[in-house]
Amino acid sequence: MEYRNVKGSRVPALGLGTWDLRGNEGERTVAAALDMGYRHVDTAQAYDNEEAVGAGIRTSGIDRDEVFLVTKIWPDGLGREDAPKRCEESLRRLGTDYVDLLLVHWPNEAIPLGETPDAFAALEAAGKTRHIGVSNFTTRLLREAVEGHGADLLCNQVEYHPYLSQEKVLEAVRRYGMMLTAYSPIARGKVLDEPAIRDIAERHGKSPAQIALRWLLDQEAVAAIPRTANEKHLRANFEIFDFSLKPEDRAAIDGLRGDGRMIEVEGYAPDWDPA
């Protein structure tokens, strides 16, 4: 495993995304991932699977303190009074006293941005979360949160893969001493059929998905949370620490980047930074 050293914490660079993994399937997948060596698990209130994720951690037998556990609060719960209640609900469903990282899931223009960092910081001070962060924030929103409201953020979790440039967001998170966590890192499977990536995969004896993940983790301050319920893919995603990409490999993948965004949530998606 590789790690990102951010604000005094050592965060596993590869984690398990759990969107749409519910019930017994979710519990089994989380337990299997932890048994393979994963130590970073990402969930959210909106995924309706916090109970399954918590059960999977317990089933695995891995000590809770060894797992970097992330959850996210939906935009309607980001107000000063609502955030503590929503956090307690998540902790109850997860069956834990704390999470390692509590994120804003999507920005909400209906709630003053300054309310949320204050509410989250109070939860951090109370030991309910060890760190706070955001998801789907643009450079403008990051600047407002950090410079305008003094938010001490660990992470911005955003869509990031070979077809989507996040150079502006990457520059911002590095400037603020944060990390970027890439969701949808294999572009919902699109990289599997990309000729440039398939050629690189063949030369390295790896799969296209492994190449895309290696490309991400080779970047400073970047982590990735691929989602799969397939144990074969789960193991393959973890087998990316025994090779490196060549400069020409990276250049070929860099050349694919553009505005290939795949994830939008109507009513909450901000005005994205241009590619």
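Tabulated values for the structure
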| item | result |
| --- | --- |
| Pair list, Cβ < 8 Å and 6+ apart or interchain, from segment 210-221 residues that are more than 15 Å from R174 (Cα to Cα) and of a type in the set (G, A, S) to residues that are crowded, with 19+ Cβ neighbours inside 10 Å and at pLDDT 95 or above | A212/H161; A212/P162; A212/P185; A212/I186; A212/A187; A212/V191; A212/I197; A212/I253 |
| Test: H161 is touching a residue at least 40 places away in the same chain (Cβ under 8 Å) and either touching a helix residue (DSSP H, G or I) at 6+ places or on another chain (Cβ under 6 Å) or more than 18 Å from L103 (Cα to Cα) (or both) | yes |
| Residues of segment 164-209 satisfying the condition of being of a type in the set (K, R), over 20 Å from K246 (Cα atoms) and free of Cβ contacts under 8 Å to residues at least 24 places away in the same chain | R175 |
| In segment 20-47, the residues that are under 16 Å from V104 (Cα atoms) and open to solvent by 40 Å² or more (accessible area, probe 1.4 Å) | A46 |
| Test result for V70, within 15 Å of the chain's Cα centre (by Cα), surrounded by 24 or more Cβ atoms within 10 Å (Cβ to Cβ), closer than 18 Å to R235 by Cβ and among the aliphatic types (A, V, I, L, M) | no |
| Enumeration of residues in segment 23-65 that are touching a strand residue (DSSP E or B) at 6+ places or on another chain (Cβ under 6 Å) and outside any helix (DSSP H, G or I) | Y38, R39, H40, V41, D42, T43, A44 |
| Residue within segment 241-250 that is in a loop (DSSP other than H, G, I, E, B), closer than 15 Å to G37 by Cα, in contact with a strand residue (DSSP E or B) (Cβ under 7 Å, 6 or more places away or on another chain) and in contact (Cβ under 8 Å) with a residue 60 or more places away in the chain present | no |
| Top-ranked residue in segment 226-240 [being aliphatic (A, V, I, L, M) and open to solvent by 10 Å² or more (accessible area, probe 1.4 Å); ranked as nearest to Y38 (Cα to Cα)] | A236 |
| Count - residues of segment 93-121 that are touching a Gly at 6+ places or on another chain (Cβ under 9 Å) and farther than 23 Å from E147 by Cα | 6 |
| Unmet requirement for R92, which otherwise passes all of (1) in contact (Cβ under 8 Å) with a residue 12 or more places away in the chain; (2) surrounded by fewer than 24 Cβ atoms within 10 Å (Cβ to Cβ) | (1) |
| Only one of A236, A229 that is within 19 Å of the chain's Cα centre (by Cα) and not in a loop (DSSP other than H, G, I, E, B) | A236 |
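Yes/no per residue for (1) in contact with a strand residue (DSSP E or B) (Cβ under 6 Å, 6 or more places away or on another chain); (2) acidic (D, E); (3) surrounded by 21 or more Cβ atoms within 10 Å (Cβ to Cβ):
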{"position": "S135", "(1), (2), (3)": "yes, no, yes"}
{"position": "V158", "(1), (2), (3)": "no, no, yes"}
{"position": "S165", "(1), (2), (3)": "no, no, no"}
{"position": "P195", "(1), (2), (3)": "no, no, no"}
{"position": "E202", "(1), (2), (3)": "no, yes, no"}
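The values are calculated or read from the model by the stated rules, or taken from the named source; none is laboratory data. Everything numeric here is computed off the predicted structure, so don't read it as measured data. Here Cβ is always computed from backbone atoms with ideal geometry, including for glycine, and neighbour counts include all displayed protein chains. These accessible areas exclude ligands, DNA and RNA; they are computed on the full protein's heavy atoms, side chains included. Shrake-Rupley method; radii C 1.70, N 1.55, O 1.52, S 1.80 Å.
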